[in-house]
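Written below as structure tokens is the structure these notes are about.
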Amino acid sequence: PYVIVCNHQASLDLIGIVEIIPDHCVPIVKKELMYMGTVGWACWLSGMIFINRHKREDAINVISQTARTMQRENVR
């Protein structure tokens, strides 16, 4: 398992990021994306993991749980 950290500056950056992310990789995204209409539905349907950056403890718990799942299932 490994983690790729990407910080994009514009919507077009996502096109490049999608090209370099390996198969079977699930992004962790900010929860605000869930409320962006079609984009939010696409993120949710593709299995992205949402974190609430305004609730630090909740975000840490989600990331910790994700890390345990990555190790247990040997996924990226």
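Residues Val5, Val29, Val18 ordered from highest to lowest accessible area at a 1.4 Å probe: Val5, Val18, Val29. Taken over the chain, the percentage of Cα pairs per 10 Å bin, counting from 0 up to the bin with the maximum distance, is 17, 49, 32, 2. Estimated at 0.36 nm per residue, the fully extended path between Asp58 and Asp13 surpasses their Cα-Cα distance by 13.5 nm.
Taking the charge dipole of the chain about its Cα centre, with +1 at Lys and Arg Cβ atoms and -1 at Asp and Glu Cβ atoms, the residue from Ser46, Leu33, Thr69 reaching farthest to the positive side is Thr69.
Using a probe of 1.4 angstrom and keeping all protein chains present, the accessible surface of the chain works out to 83 square angstrom per residue.
The values are calculated or read from the model by the stated rules, or taken from the named source; none is laboratory data. All values reported here derive from a predicted model rather than from experimental measurement. Heads up, the Cβs are rebuilt from the backbone with ideal geometry, glycines too, and the neighbour counts pull from every protein chain shown. The accessibility values were calculated without ligands, DNA or RNA, using every heavy atom of the protein model including side chains. Shrake-Rupley method; radii C 1.70, N 1.55, O 1.52, S 1.80 Å.
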